[in-house]
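For reference, the structure discussed in these notes is given below.
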Amino acid sequence: MTADGGNRLGGSVPVAAAAVLWGTVGPAQLLADTGVSPVSLGACRMLLGGLVLGLCTARPPGLRTLRHPAARGWTAVGILVTVAFQICFLEAVERMGAALATAVAFGSVPVVSGLCARQFMRERLTANWWCSTACSVAGIALLLVPGAAARAELPGVLLGIGAGAAFGLYITATKRLARCGADTTAAAPVSVLGAGLLVSPWLLVAPDGLATPRALLLIGWLALGTTALGYLLFTRGVTRISAATTGTLSLGEPLVATVLGIALLGERPTVPAALGAALLLGGLVVVSLPARGSRYRRPAPPAVESGGIRSRSTASIASGSSGVRNGRT
């Protein structure tokens with residue numbers, strides 16, 4: 001295996017593993033049936049998960065790279081879209097069920113990640129992306145057909161799209177931080193914990209049910225399994241693969257959520273809803289296919305040093321012999 005191929009595999013495997021872990025979020029939320037407000041649940045998940053993730057991965061030199069002027073804005077974007085994703089996704093699960101909510105959310109990811117890659121990283125929109133976008137639009141339209149699914153109501157679908165858009169923006173923010181030399185391993189806990197702090201006042205508004213054993217078990221899994229471990233795996237892999245591939249590997253999440261929703265929760269989408277979900281998942285498959293005549297090029301490694309961020313020219317000289325360091329401890 002070539003070094004380039006090994007690097008892509010080293011990025012794809014952890015991102016795919018993170019997607020599988022994240023695919024358990026919706027089923028676990030519904031299976032626990034705690035009655036806790038989704039916003040309060042998300043706040044607890046982000047506070048505990050972000051704290052543990054930070055203790056495991058964040059180091060002072062890495063945190064200092066986030067204070068660079070080129071990194072501050074994208075760090076703030078990461079925090080805000082993490083808030084948006086948590087609130088939108090958990091609310092969508094409550095309204096539509098795990099399988100449909102996850103299909104809508106992650107069927108929307110390639111659309112947004114592709115547009116962001118075009119706008120902020122000058123990546124070309126391929127024929128695969130256009131086909132995937134058409135599948136996503138058609139799939140969401142089928143979910144909104146009257147009577148297509150008892151739980152696929154417009155607010156739930158919009159919340160799912162909002163969650164997908166937030167995740168697509170998070171992918172772009174992570175890659176932009178890596179490109180400007182920031183430590184993405186430090187950025188992940190900052191985003192999660194910062195988002196938790198922003199939402200934490202809601203715990204005073206809706207604390208009901210948080211102290212029950214089922215709620216504590218659910219919070220423990222969401223925080224430690226799907227947040228701390230999930231984000232650690234994601235940041236280890238995301239800087240080594242393209243934005244489109246990252247969004248595509250999210251396919252593992254809706255597949256896991258669908259299987260668990262059917263097997264454990266008894267979710268049975270109607271034919272139009274199942275076709276809509278299939279189109280959304282099909283769009284993820286299409287955008288993952290390599291473009292004809294294209295070859296993935298690994299991004300130049302970010303220039304991170306303990307003292308801060310080197311100049312672009314120095315980074316270019318070093319790129320010939322050094323590997324990608326973001327995401328490694």
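The values are calculated or read from the model by the stated rules, or taken from the named source; none is laboratory data. None of the values given here were measured: they were computed from a predicted structure. Backbone-built Cβ (ideal geometry, glycine too); neighbour counts: all protein chains shown. Surface areas here come from the heavy atoms of the whole protein model, side chains and all, with no ligands, DNA or RNA. Shrake-Rupley method; radii C 1.70, N 1.55, O 1.52, S 1.80 Å.
Could you list, in sequence order, the residues of the stretch 42-56 that are open to solvent by 70 Å² or more (accessible area, probe 1.4 Å) and either at positive phi or of a type in the set (Lys, Arg) (or both)? Within the stretch 42-56, none qualify.
Those helices (runs of 4 or more DSSP H) of the stretch 1-120 in which 3 or more residues are of a type outside the set (Lys, Arg) and under 20 Å from residue 175 (Cα atoms) occupy 3-22, 38-57, 60-65, 69-96.
In the set 8, 95, which member is more than 19 Å from the chain's Cα centre (by Cα), modelled with pLDDT under 90 and open to solvent by 20 Å² or more (accessible area, probe 1.4 Å)? Can you show your working first?
On the way: 8 fails: more than 19 Å from the chain's Cα centre (by Cα).
Exactly one of 8, 95 is more than 19 Å from the chain's Cα centre (by Cα), modelled with pLDDT under 90 and open to solvent by 20 Å² or more (accessible area, probe 1.4 Å), namely 95.
The listed residues are 83, 20, 25, and the only one of them that is surrounded by fewer than 20 Cβ atoms within 10 Å (Cβ to Cβ), closer than 19 Å to residue 228 by Cβ and in contact (Cβ under 8 Å) with a residue 12 or more places away in the chain turns out to be 20. In the set (1) touching a residue at least 12 places away in the same chain (Cβ under 8 Å); (2) more than 17 Å from residue 235 (Cα to Cα); (3) open to solvent by 40 Å² or more (accessible area, probe 1.4 Å), residue 59 fails one condition alone, (2).
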